[in-house]
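Before any comments, here is the structure.
The values are calculated or read from the model by the stated rules, or taken from the named source; none is laboratory data. Here the structure is a predicted model, which is why all the values come from computation and not from measurement. Here Cβ is always computed from backbone atoms with ideal geometry, including for glycine, and neighbour counts include all displayed protein chains. When the accessible area is computed, the model is the full protein with side chains, heavy atoms only, and any ligands, DNA or RNA have been set aside. Shrake-Rupley method; radii C 1.70, N 1.55, O 1.52, S 1.80 Å.
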Amino acid sequence: MPEGTLCNKKPIDTAEGITTLLADKSGAKYYEEMKHIEVDTDLLWETIQKTCKSRIRTWLEICAHCGMCADSCFLYLANKRDPKQVPAYKIQSTLGEIIKRKGKVDNKFMRNAMRVAWSQCTCCNRCGMYCPHGIDTGIMFGYLRGLLYQQGFVPWEMKIGAGMHRVYNAQMDISSEDYVDTFEWMVEEYEDDYPGLTVPVDVEGADIMYTVNAREAKHYPEDLAEAAILFHIAGENWTIPSKGWEQTSLAMFAGDWAACKMQVESVYDAMGRLKPRRMVGTECGHAHRASVVEGPYWAGREDGRPPAESIHYIEWLAEALREGKLKIDPSKRIKVPCTLQDSCNYVRNHGLRDTAREIVSYIVEPGYFIDMDPNRQNNFCCGGGGGFNGIGYFRKERNVGLKVKRDQILATGAKLVIAPCHNCWDAIRDLEEEFEIGIEWSFLKPLIIKMLDIPDHLKPQEEDM
Amino acid sequence: MHGLLTGPLFYISLGVCIIGMIVRFYKYFTGLNWQLDRVAYKKYPMMGLKGALRSIYKWLIPYGTYGWRQQPVMAAAFFGFHIGAVAIPLFLAGHSVFLKEKIGFSLPYMGSGAADLISWIAIVCLAFMALRRLVLPEVRILTDKSDWGVLLLSFLPFATGLLARYQVGDYGFWLNMHILAGELVLLAIPFTKLSHVFLFFASRAQLGMDFGIKRGGLKGTPMAW
Ligand code: SF4
Ligand code: SF4
Ligand code: SF4
């Protein structure tokens, strides 16, 4: 069968398409069909010739097969040093083979390549820092995912995720109206505690345009309210766009580059419409990578930057604390042993290695913070990156992958893990569920709100209480 | 035989090596694509240059990076061999004389004691790297025939050179073998993994630009990768 009805080479462009695919429980039929779809070898080779240029080709060619990248990969370590998990091996046995065979590979090969690409690499880019030749396997896996996606060999959830972006401009089926309603409704819930709290929608020329991860609107709506509260107390002139509010890109995990472009352009359009001084994104690593680090390139922006200056939530928070826009009540600082999860996506991939530590210096009682080892740009992926968290088909592999982070956390003795990244947060929640090591985990927003020193004029008046 | 090796064959292999590598360098840098690679190479020339130089420099210093520090023994073997592989061909007294005669100039040369020591260190390190390929599962799985070929090609000039140096058997024969081995290496450089001799700088420069421009450089975070 050249293509299946569910598993095929066509991207999903309609809401019905998504519904149909979702109706296939856990993708049972989808994966069954995948066993029989045909590889379009001509298309594969043609695509490679057009898009695989010096960088990746040279990497594949000069790899010295020295194995120095082995220990750098958390999945290699988590899998008891299985040689099949050495980064160089993983990429050469997949992408390397496809190129060597000039695209002439079969269905079985592609299904294995899919397994490797989505369950043996989270594109955390750590190994690239340990290779003497500067070979960045994570980047090559991103590229390989694109080739696999084009041929229909992509995990069910990723196919749906990319489809969501194409249809809703968000990783979940949330329309612009739903989003604005949810935000407003959440803010109303907190109005009494924070008089004057509102959510300004589509205000032109604000200082801050705030963008989120659609999971917040769908599953953690308090997060929206918390953002509003913090902007309110900090006295920021902020707004949310009713369209172009979704900062993440599951399409990036799926390798659907066209959808990546559509998604990020919706955010940049909002910038064009509202002309904010800058964009602040939520506490999410992959969202930041998608809209700020890689996004400009998908959108064809030659300067490699978004149309308005764009910062991660931790950058805004550090600045607000530094400048005294937000004040911490010293008696409420964290007094349990705690540690910090460095998100690869904004630390290793965007240099924000000290920003979160600055925040820690304001909110944690001295002596209670213990860094993981290794940390900052050398930190290990939590095990949930690259879409790994969401793929049921590879749940077992993902759970094994959590072990390295578990051991890192255990070694610190921390009881609380500060995780200003959605994927990391999810992975740490799952690792507690899986291994029960007795830790708590949190985003920064709720922690900070609990310890704020709120100026009197922003407090509820006596008679209101 | 000797005349052929030191005459036309020498010029041919040197020429092939130099021209081959110029071509490869050219192709590498013209093949970089800001949009496909997702690095704004041209927009921030100074940050790019800084990142590139930093990346090359850090990796050329023994233990200059986390990567090297993570693998101290391998790093020692690596530098042990590569120092020899660069220093001996360029700074050996005999080579100096030869180069002066053939191409009109040569570099300062070192004493024979130092040269012997460096050569032996290189050989021992090479042996260690070969052993590593056999013993460590994570390296064994990567190793293929061409890796052994490259190791052999790197070993031959040292082995034959030392045999000639200590005049084991027929000096003239070993000298010819040595020259042949050296020329084989020169010929192989542009076409095999030995191309890393030059492309190391290209690929490091690229990743350095990536970090300098996109991954933190513009944020003022110089990462020592
Ligand atoms: S460290 Fe680099 S050169 Fe060595 S095997 Fe890994 S990718 Fe190849
Ligand atoms: S990018 Fe990360 S997960 Fe992928 S091979 Fe490298 S270290 Fe492992
Ligand atoms: S989930 Fe977190 S730790 Fe893992 S790759 Fe993403 S940012 Fe890094």
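Here is how the numbers come out for the structure above:
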{"quantity": "Residue identified as within 16 Å of ligand 3 (Cβ to nearest atom), touching a residue at least 24 places away in the same chain (Cβ under 8 Å) and open to solvent by 10 Å² or more (accessible area, probe 1.4 Å) among A:69, A:73, A:63", "calculated": "A:73"}
{"quantity": "Hits in segment B:56-69 (condition: closer than 15 Å to residue A:377 by Cβ and crowded, with 17+ Cβ neighbours inside 10 Å)", "calculated": "B:58, B:65, B:66, B:67"}
{"quantity": "Test: residue in segment A:277-284 that is more than 16 Å from ligand 3 (Cβ to nearest atom), under 18 Å from residue A:227 (Cα atoms) and within 18 Å of the chain's Cα centre (by Cα)", "calculated": "yes"}
{"quantity": "Matching residues in segment A:125-145 - criterion: being open to solvent by 10 Å² or more (accessible area, probe 1.4 Å), more than 16 Å from ligand 3 (Cβ to nearest atom) and assigned to a helix (DSSP H, G or I)", "calculated": "A:143"}
{"quantity": "Single unsatisfied condition, residue B:97 versus (1) assigned to a helix (DSSP H, G or I); (2) in contact with a helix residue (DSSP H, G or I) (Cβ under 9 Å, 6 or more places away or on another chain)", "calculated": "(2)"}
{"quantity": "Within segment A:25-77, helices (runs of 4 or more DSSP H) holding 2 or more residues that are within 16 Å of ligand 2 (Cβ to nearest atom) and facing chain B (nearest Cβ under 8 Å)", "calculated": "A:54-62"}
{"quantity": "Helices (runs of 4 or more DSSP H) lying entirely in segment B:12-71 (those with 1 or more residues that are touching a Lys or Arg at 6+ places or on another chain (Cβ under 7 Å) and within 11 Å of chain A (Cβ to nearest Cβ))", "calculated": "B:34-37, B:45-60"}
{"quantity": "Contacts under 6 angstrom Cβ, first residue in segment A:110-130 being within 14 Å of chain B (Cβ to nearest Cβ), partner away from ligand 1 (no atom under 13 Å from the Cβ) and of a type in the set (Phe, Trp, Tyr), 6 or more apart", "calculated": "none"}
{"quantity": "Filter pass, residue A:276 being within 12 Å of another protein chain (Cβ to nearest Cβ) and open to solvent by less than 20 Å² (accessible area, probe 1.4 Å)", "calculated": "no"}
{"quantity": "Residue under evaluation residue B:53, criteria (1) open to solvent by less than 30 Å² (accessible area, probe 1.4 Å); (2) closer than 20 Å to residue A:130 by Cα; (3) of a type in the set (A, V, I, L, M, F, W, C), criterion not met", "calculated": "(1)"}
{"quantity": "Out of A:392, A:367, A:384, A:351, sole residue that is within 16 Å of ligand 2 (Cβ to nearest atom) and either within 14 Å of chain B (Cβ to nearest Cβ) or of a type in the set (Gly, Ala, Ser) (or both)", "calculated": "A:384"}
